[in-house]
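**Q** Starting off with a structure, shown below.
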Amino acid sequence: MSEKLAIVTGASRGIGKACAIELAKAGYDIAVTFAGNVDAANKTVEELKAFGVDAAAFKFDVSNKDEAAKGIEEIIAKFGRIDVLVNNAGITRDGLFMRMSAENWDAVINTNLSSAFYVSQPVVKVMMKQRSGAIVNMSSVVGVSGNAGQANYSAAKAGLIGLTKTLAKELGSRGIRVNAIAPGFINTDMTKDLDTSKFTDFIPLKRLGEPEDIAKAVKFIAVDAEYVTGQVLEVDGGLII
Ligand code: NAP
């Protein structure tokens, strides 16, 4: 049985991978989950093990309730406990609202929002028995401010904020804290096709964020911030002040 276990969904790449590394540095064993990128997930696991912790990769689709339940079951069977859950896996399918297909609406809502319900429910069951745990939901500044061309994504990320505050109220008495991080523009595969040069003008800190900027905030709110729950921490270089 692990001493401390963190599950990071979508940890094969980008922000999730950086979060996994930051939590490994803090001594957590890590369950890396991913959708299909086996090579990237295995590489993350090897990098995590270099920090002296145990790590393993679990492939399941977070937008599928049954797959998510089975995936979490496998993680519990291997590690025996769950201390931190980072609901990080997400996708974009951008387009103007009037041209948005129901398929792109559903894909984004299911992968970014329903996933947090599917994954958190079996995890909370374990945390309630332990009477401790921390959940971090990866929202976005566009869930706070809205964004033209991202009706599906903004709705999902705003939904995560509502879920965060509600779970904080429901689970606080069981020793479980639930918070959200709202990143601004972060350098990952998700943003690689955007012309981000024009965004820096609007960012007070005059640069895009790096996955490590988000990972440090996740580690703070999941591990150090023992009297913080139900909060949304914007990590965006000041973008939406
Ligand atoms: P990314 O580089 O595209 O990585 C996405 C990760 O999610 C990958 O590990 C991917 O697995 C996994 N994933 C995608 N769909 C999945 C599914 N159905 N089931 C399981 N895993 C799935 O994205 P990122 O930029 O790091 O974003 C991470 C989170 O931060 C997302 O929730 C995103 O919305 C949020 N965010 C990002 C930004 C930004 O500027 N990048 C800003 C605000 C919020 P595979 O590798 O197997 O495909």
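**Q** Please pick out the residue among 121, 130 that is polar (S, T, N, Q), open to solvent by 60 Å² or more (accessible area, probe 1.4 Å) and farther than 30 Å from residue 241 by Cα. Lay out the reasoning, then the answer.
**A** Working: 130 fails: open to solvent by 60 Å² or more (accessible area, probe 1.4 Å).
Of 121, 130, the one residue that is polar (S, T, N, Q), open to solvent by 60 Å² or more (accessible area, probe 1.4 Å) and farther than 30 Å from residue 241 by Cα is 121.
**Q** Which one of 109, 82 is in contact (Cβ under 8 Å) with a residue 60 or more places away in the chain and either aliphatic (A, V, I, L, M) or open to solvent by less than 10 Å² (accessible area, probe 1.4 Å) (or both)?
**A** From the options 109, 82, the qualifying one is 82.
**Q** Please work out if residue 137 is open to solvent by less than 40 Å² (accessible area, probe 1.4 Å), under 15 Å from residue 9 (Cβ atoms), at pLDDT 95 or above and within 14 Å of the ligand (Cβ to nearest atom). Don't jump to the end; show me each part of the working.
**A** Numbers: open to solvent by less than 40 Å² (accessible area, probe 1.4 Å): yes; under 15 Å from residue 9 (Cβ atoms): yes; at pLDDT 95 or above: yes; within 14 Å of the ligand (Cβ to nearest atom): yes.
It is true that residue 137 is open to solvent by less than 40 Å² (accessible area, probe 1.4 Å), under 15 Å from residue 9 (Cβ atoms), at pLDDT 95 or above and within 14 Å of the ligand (Cβ to nearest atom).
**Q** State which residue is nearest to the ligand (Cβ to nearest atom) when the search covers only the range 1-15 and only residues that are closer than 15 Å to residue 56 by Cβ and under 13 Å from the mean Cα position of the chain (by Cα).
**A** Residue satisfying both the conditions and the ranking: 12.
**Q** Name the single residue that is farthest from the ligand (Cβ to nearest atom) among those in the range 16-42 being open to solvent by 70 Å² or more (accessible area, probe 1.4 Å) and touching a residue at least 24 places away in the same chain (Cβ under 8 Å).
**A** 25
**Q** Another question about this same structure. Any idea which residue in the range 43-55 is nearest to the ligand (Cβ to nearest atom), counting only those that are surrounded by 14 or more Cβ atoms within 10 Å (Cβ to Cβ) and more than 18 Å from the chain's Cα centre (by Cα)? Full working, then the answer.
**A** Of the range 43-55, the ones surrounded by 14 or more Cβ atoms within 10 Å (Cβ to Cβ) are 43-45, 47-49, 51, 53-55.
Within this subset, residues satisfying the condition of being more than 18 Å from the chain's Cα centre (by Cα) are 43, 47, 49, 51, 53-54.
On the way: 43: 11, 47: 14, 49: 18, 51: 19, 53: 19, 54: 20 Å.
Step by step, filter the range 43-55, then rank; the result is 43.
**Q** If you don't mind, another one. Within the range 177-201, can you find the residues that are modelled with pLDDT under 95 and away from the ligand (no atom under 14 Å from the Cβ)?
**A** 197, 198, 201
**Q** Residue 116 - would you say it is more than 10 Å from the ligand (Cβ to nearest atom) and part of a helix (DSSP H, G or I)?
**A** On the way: more than 10 Å from the ligand (Cβ to nearest atom): no; part of a helix (DSSP H, G or I): yes.
Against the criterion (more than 10 Å from the ligand (Cβ to nearest atom) and part of a helix (DSSP H, G or I)), residue 116 does not qualify.
**Q** Suppose we keep only residues that are aliphatic (A, V, I, L, M) and under 17 Å from the mean Cα position of the chain (by Cα) within the range 85-106. Which one would you say is surrounded by the fewest Cβ atoms within 10 Å (Cβ to Cβ)? Explain how you work it out, then say what you get.
**A** As a first pass, look at the range 85-106 and keep what is aliphatic (A, V, I, L, M): 85-86, 89, 91, 96, 98, 100, 102.
In the following step, the residues that additionally are under 17 Å from the mean Cα position of the chain (by Cα) were identified as 85-86, 89, 91.
Values: 85: 29, 86: 30, 89: 26, 91: 18.
Here the answer is 91.
**Q** Another one. Could you give every pair whose Cβ atoms fall below 8 Å, whose first residue belongs to the range 193-206 and is touching a residue at least 12 places away in the same chain (Cβ under 8 Å), and whose second residue is in a helix (DSSP H, G or I), counting only separations of at least 6 or pairs across chains?
**A** Sorted first by the residue in the range 193-206, then by its partner, the pairs are 206/200.
**Q** Can you pull out the residues in the range 169-190 that are more than 16 Å from the chain's Cα centre (by Cα) and surrounded by 13 or more Cβ atoms within 10 Å (Cβ to Cβ)?
**A** Residues of the range 169-190 more than 16 Å from the chain's Cα centre (by Cα): 169-176.
Correct list: 171, 172, 174, 175, 176.
**Q** Ok, one more. Residues in the range 56-69: is at least one crowded, with 22+ Cβ neighbours inside 10 Å and free of Cβ contacts under 8 Å to residues at least 40 places away in the same chain?
**A** Within the range 56-69, one or more residues are crowded, with 22+ Cβ neighbours inside 10 Å and free of Cβ contacts under 8 Å to residues at least 40 places away in the same chain.
The values are calculated or read from the model by the stated rules, or taken from the named source; none is laboratory data. Given the structure is predicted, the values throughout are model-derived calculations rather than measurements. As a convention, Cβ positions derive from the backbone with ideal geometry for all residues, glycine included, and neighbour counts pool all protein chains shown. Ligands, DNA and RNA are stripped out before the accessible areas are found, and what is left, the full protein with its side chains, is counted by its heavy atoms. Shrake-Rupley method; radii C 1.70, N 1.55, O 1.52, S 1.80 Å.
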